1. Would you tally the residues in region 5-17 being in contact (Cβ under 8 Å) with a residue 40 or more places away in the chain, outside any strand (DSSP E or B) and under 13 Å from the mean Cα position of the chain (by Cα)?
2. Taking Arg84 as the residue in question, decide whether it is over 18 Å from the mean Cα position of the chain (by Cα) and not in a loop (DSSP other than H, G, I, E, B).
3. I'd like to check something: does region 67-76 contain any residue that is of a type outside the set (S, T, N, Q), in contact (Cβ under 8 Å) with a residue 60 or more places away in the chain and in contact with a Ser or Thr (Cβ under 9 Å, 6 or more places away or on another chain)?
4. What are the residues in region 106-140 that are touching a residue at least 60 places away in the same chain (Cβ under 8 Å) and part of a helix (DSSP H, G or I), if any?
5. So how many residues does region 94-105 have that are surrounded by fewer than 18 Cβ atoms within 10 Å (Cβ to Cβ) and either among the aliphatic types (A, V, I, L, M) or part of a helix (DSSP H, G or I) (or both)?
6. Go through region 69-94 and give me each residue that's among the hydrophobic types (A, V, I, L, M, F, W, C) and over 20 Å from Val28 (Cα atoms).
7. Collect the residues in region 39-58 that are under 23 Å from Leu111 (Cβ atoms) and either modelled with pLDDT under 95 or among the aliphatic types (A, V, I, L, M) (or both), keeping them in residue-number order.
8. Of all residues being in a strand (DSSP E or B) and more than 9 Å from the chain's Cα centre (by Cα) in region 18-32, which is farthest from Phe76 (Cα to Cα)? Just the residue, please.
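The values are calculated or read from the model by the stated rules, or taken from the named source; none is laboratory data. Because the structure is a prediction, the values reported are computed rather than measured. All Cβ positions, glycine included, derive from the backbone under ideal geometry; neighbour counts span all protein chains shown.
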Amino acid sequence: MPLPVTRTVFMKPGFLCLPTLPTRLCTVIASGVAVTVYDRRQCRGGVGHYTHPLRTGGNSTPDFAAPALVGLIRMFTRAGSDPRHLETHLYGGADNPAAPGFNGARGLRNLATGFEILDKLGVRVAGSDVGGRFARKLVFYTGTGESMLAKLDEPDAQDWYPEPAAQAAWEGRA
């Protein structure tokens with residue numbers, strides 16, 4: 001039987017997270033891509049959320065696909081995982097011309113880069129919910145590898161970063 005969720009973490013784009021205890025990881029994805037990774041042997045999961053396909057200069061950070069995915073898989077292998085036992089799911093990669101700051105086909109480029117990198121790393125992609133024009137709100141349970149997903153036509157500020165009171169209510173502390 002899986003351990004109960006110990007906390008909820010709201011992840012911003014450009015971050016990686018591999019908790020040591022079962023955690024509910026939440027993020028909102030638009031043209032970026034969130035990649036969930038789960039090791040069935042260790043019953044442990046994590047998420048990486050990147051927003052750009054390729055680094056064009058500057059620092060190598062998880063805002064970009066390669067540092068995010070290589071970094072996340074490296075976190076798993078350093079924790080004792082074998083890449084052959086990892087399964088991933090990709091979410092996001094929306095391209096909505098009506099969205100503020102639309103950057104023609106960035107979502108598709110993010111997806112293509114993510115799939116290519118995971119293939120080169122030898123990590124299996126078990127599923128995806130990608131493309132289209134809708135943003136997505138993702139909730140990933142790191143202790144079970146289960147995900148919940150909602151598509152958002154027009155995400156508002158509360159979808160992106162909950163107020164502290166809303167986060168406390170979500171976690172059952174209010």
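1. Residues in region 5-17 being in contact (Cβ under 8 Å) with a residue 40 or more places away in the chain, outside any strand (DSSP E or B) and under 13 Å from the mean Cα position of the chain (by Cα): 3 in total.
2. yes
3. Within region 67-76, none of the residues are of a type outside the set (S, T, N, Q), in contact (Cβ under 8 Å) with a residue 60 or more places away in the chain and in contact with a Ser or Thr (Cβ under 9 Å, 6 or more places away or on another chain).
4. Those that are touching a residue at least 60 places away in the same chain (Cβ under 8 Å) and part of a helix (DSSP H, G or I): Arg106, Gly107, Asn110, Leu111, Thr113, Gly114, Leu118.
5. 3
6. Within region 69-94, Val70, Ile73, Met75, Phe76, Ala79, Leu86 qualify.
7. Across region 39-58, the qualifying residues are Val47, Thr51, His52, Pro53, Leu54, Arg55, Thr56, Gly57, Gly58.
8. Residue satisfying both the conditions and the ranking: Arg24.
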